[in-house]
1. For the stretch 256-276: of the residues being within 30 Å of the chain's Cα centre (by Cα) and in a loop (DSSP other than H, G, I, E, B), which is farthest from residue 225 (Cα to Cα)?
2. Looking at 181, 253, 216 in this structure, which one is modelled with pLDDT under 95 and part of a helix (DSSP H, G or I)?
3. With the requirement that a residue be modelled with pLDDT of 95 or more and of a type in the set (S, T, N, Q), what does the stretch 231-246 give you?
4. Could you count how many residues in the stretch 184-213 are among the hydrophobic types (A, V, I, L, M, F, W, C) and part of a loop (DSSP other than H, G, I, E, B)?
5. Being within 28 Å of residue 79 (Cα to Cα), at pLDDT 95 or above and not in a helix (DSSP H, G or I) is the filter here; which residues of the stretch 123-178 pass it?
6. Among 83, 99, which is surrounded by fewer than 20 Cβ atoms within 10 Å (Cβ to Cβ) and β-branched (Val, Ile, Thr)?
7. Test residue 229 against the stated conditions and say whether it is closer than 25 Å to residue 115 by Cβ and part of a helix (DSSP H, G or I).
8. Can you pull out every residue in the stretch 49-76 that is within 17 Å of residue 137 (Cα to Cα), over 18 Å from the mean Cα position of the chain (by Cα) and in a loop (DSSP other than H, G, I, E, B)?
Amino acid sequence: MPPVALAGEGAAAIQFAGSFPLCDTASRCNAVPAPLALTVGADTPPPWMARASVVVLAVRDDAIRPLADSLARAGAVRPEQVVLHLSGALGQEALGPLVPSQAALGSLHPLQTIVDPERAPERLRGAWAAVEGMPRAIEAGERIAAAVGLRPFRVASRAKAVYHAGAVFASNYFVVVEAVAQRLLRHAGLSDADAWAALLPLVEGTFANLSRQQPAEALTGPVARGDVDTIARHVASLTGDDAALYRALGRAALELARKRGMDDVAAAKVADALATDLPPVLRKGRKK
């Protein structure tokens, strides 16, 4: 594993610190216990950067290009080096200012959510990681991912945004939907604590189903079974944003139900109860 210079102080840097050989401020390349700080706009690059084969910019998305610009102006990056960032939504284009350096540019994004930095190594092991960029950058990203215990897969630069949007739906918006459910149970008379305690076994059961099945097969509930009366009662009980969210998610659920074989007549009744149109569906064995 080549030595890596890790530039950043945020959560992403903490996740990776100590997981592979790092170059420290004394220009030695060893494992060090903490991430190395490099501020955007630094005029003089630190000496440890010159000793690294791979430079990882572990900073916020909006700080990647300014930091790359600072490094380019300082002449801190050499042609034989690889520069990666850890953004999920951005590709190698975020490192545009470093193109004249002739270094290999790319990105490595761990597909995992980590709240507690101390648990980062165990959470990263077995998780997947998106790698994109120039060929040499992809190779370096895959080596780093493997060293940390990640399972690397390649994503085209132009697909990074839609890839990351999928990750947001899977993780961030999952949390949001649970918060909405908790609030609705509170409206039904439960305290916040009791609402979440009541929902948690349901959430765990749903996750258990998803652990064994694809989403379309794991879908249950009134949309999946075509229970239009229940759907109508739900919509009538909700107001404002909650009703709009229910209908939007209901339409997405209807798409899954149709893929699973719901007939057009039943699907039309569900769509009418949701006050939405029928989502287009390409079923297996059928062409557009």
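1. Pass one, the stretch 256-276, residues within 30 Å of the chain's Cα centre (by Cα): 256-260, 274, 276.
Next cut, in a loop (DSSP other than H, G, I, E, B) only: 260, 276.
Working: 260: 11, 276: 17 Å.
Among them, the one singled out is 276.
2. Working: 181 fails: modelled with pLDDT under 95; 253 fails: modelled with pLDDT under 95.
The match here is 216.
3. 237 - this is the single residue of the stretch 231-246 that is modelled with pLDDT of 95 or more and of a type in the set (S, T, N, Q).
4. Filtering the stretch 184-213 down to residues among the hydrophobic types (A, V, I, L, M, F, W, C) leaves 184-185, 188, 190, 193, 195-200, 202-203, 207-208, 210.
Now restrict to residues that are part of a loop (DSSP other than H, G, I, E, B): 188, 190.
Matching residues across the stretch 184-213 total 2.
5. 129, 130, 131, 132, 133, 134, 151, 152, 153, 154, 155, 156
6. Working: 83 fails: surrounded by fewer than 20 Cβ atoms within 10 Å (Cβ to Cβ).
Result: 99 is the single residue among 83, 99 that is surrounded by fewer than 20 Cβ atoms within 10 Å (Cβ to Cβ) and β-branched (Val, Ile, Thr).
7. Numbers: closer than 25 Å to residue 115 by Cβ: no; part of a helix (DSSP H, G or I): yes.
Spelling it out, it is not the case that residue 229 is closer than 25 Å to residue 115 by Cβ and part of a helix (DSSP H, G or I).
8. Of everything in the stretch 49-76, those that are within 17 Å of residue 137 (Cα to Cα), over 18 Å from the mean Cα position of the chain (by Cα) and in a loop (DSSP other than H, G, I, E, B) turn out to be 52, 53.
The values are calculated or read from the model by the stated rules, or taken from the named source; none is laboratory data. All of these numbers come straight from a predicted model, not from anything done at the bench. Reconstructed Cβ throughout: ideal geometry from the backbone, glycine too, with neighbour counts over all protein chains shown.
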